[in-house]
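For reference, the structure is listed below as structure tokens.
The values are calculated or read from the model by the stated rules, or taken from the named source; none is laboratory data. Source: prediction; values computed, not measured. Positions of Cβ are generated from backbone atoms using ideal geometry, with glycine treated the same way; all protein chains shown enter the neighbour counts.
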Amino acid sequence: MSDMIGKTDSNVNIGILAEQREKIAEALSHLLADSYMLYLKTHNYHWNVTGMNFQPLHELFEGQYTELAEAIDVIAEQIRILGHFAPGSFKAYSKITSIVEEEDVPDAKTMLKRLQEANEAVVRTAQKVLPLCDEAGDEASMDVAIERISVHSKVAWMLRSHLQ
């Protein structure tokens, strides 16, 4: 559990039990960490892609990291709505992310494959939020997770298509 999750705003009264809000906030924190790490990976690849497909991949990656930047804010705000503090440091994200960080600069095909795999990892992380939201009747947090599942499933498909 993130160090930030234990800190709450006790004045929250949105019809969801405190224990349920904590579990959902923790799951959303994992989604936030994965999303942020994917943002970094995608931005890195945007800067460093080379080769014959430079221009279309440079633009594709830019669109993806731009969308992720907005999503990160939405996820963090949803954690705050639940009365918890959102993790906001690389150290915190590193502890709870499922996204593998690389330090190399791979070729374009490897970039596409790694981004496909990372987007699929975000889908799996977002799916873990759904049963918690369903049990608590937290449609707002469920909407956030469903949006991430939809976006990252489509991105993974597009990246797979580039690899064929």
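Picking from L40, L57, which residue would you name as being more than 23 Å from I79 (Cα to Cα) and either in contact (Cβ under 8 Å) with a residue 24 or more places away in the chain or assigned to a loop (DSSP other than H, G, I, E, B) (or both)?
Values: L40 fails: more than 23 Å from I79 (Cα to Cα).
Selected residue: L57, the only one of L40, L57 that is more than 23 Å from I79 (Cα to Cα) and either in contact (Cβ under 8 Å) with a residue 24 or more places away in the chain or assigned to a loop (DSSP other than H, G, I, E, B) (or both).
Looking at this structure, is E70 closer than 30 Å to G15 by Cα, at pLDDT 95 or above, exposed (fewer than 14 other Cβ atoms within 10 Å of the Cβ) and in contact with a helix residue (DSSP H, G or I) (Cβ under 9 Å, 6 or more places away or on another chain)?
Values: closer than 30 Å to G15 by Cα: yes; at pLDDT 95 or above: yes; exposed (fewer than 14 other Cβ atoms within 10 Å of the Cβ): yes; in contact with a helix residue (DSSP H, G or I) (Cβ under 9 Å, 6 or more places away or on another chain): no.
Judged against the criteria, E70 is not a match.
I want to confirm something. Restricting to segment 112-141 and keeping residues that are in contact (Cβ under 8 Å) with a residue 40 or more places away in the chain and over 18 Å from the mean Cα position of the chain (by Cα), which single residue is nearest to S153 (Cα to Cα)? Explain how you work it out, then say what you get.
Quick first cut of segment 112-141, residues in contact (Cβ under 8 Å) with a residue 40 or more places away in the chain only: 112-116, 118-119, 121-122, 125-126, 128-129, 132-133, 135-138, 140-141.
Still in the running and over 18 Å from the mean Cα position of the chain (by Cα): 135-138.
On the way: E135: 24, A136: 25, G137: 24, D138: 22 Å.
Going through the qualifying residues, I end up with D138.
Please determine whether any residue of segment 8-21 is modelled with pLDDT under 90, out of contact with any His (no Cβ under 7 Å at 6 or more places or on another chain) and among the charged types (D, E, K, R).
Yes, because at least one residue in segment 8-21 is modelled with pLDDT under 90, out of contact with any His (no Cβ under 7 Å at 6 or more places or on another chain) and among the charged types (D, E, K, R).
Per-residue answers, yes or no, for (1) β-branched (V, I, T); (2) surrounded by 14 or more Cβ atoms within 10 Å (Cβ to Cβ); (3) in contact with an Asp or Glu (Cβ under 9 Å, 6 or more places away or on another chain):
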| site | (1), (2), (3) |
| --- | --- |
| V74 | yes, yes, yes |
| S89 | no, no, no |
| I96 | yes, yes, yes |
| E101 | no, no, no |
| Q127 | no, yes, no |
| L132 | no, yes, yes |
| I149 | yes, yes, no |
| H152 | no, yes, yes |
| M158 | no, yes, no |
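Can you pull out every residue in segment 93-104 that is in contact (Cβ under 8 Å) with a residue 60 or more places away in the chain and within 14 Å of Y45 (Cα to Cα)?
Listed by number, the residues that qualify are E101, E102.
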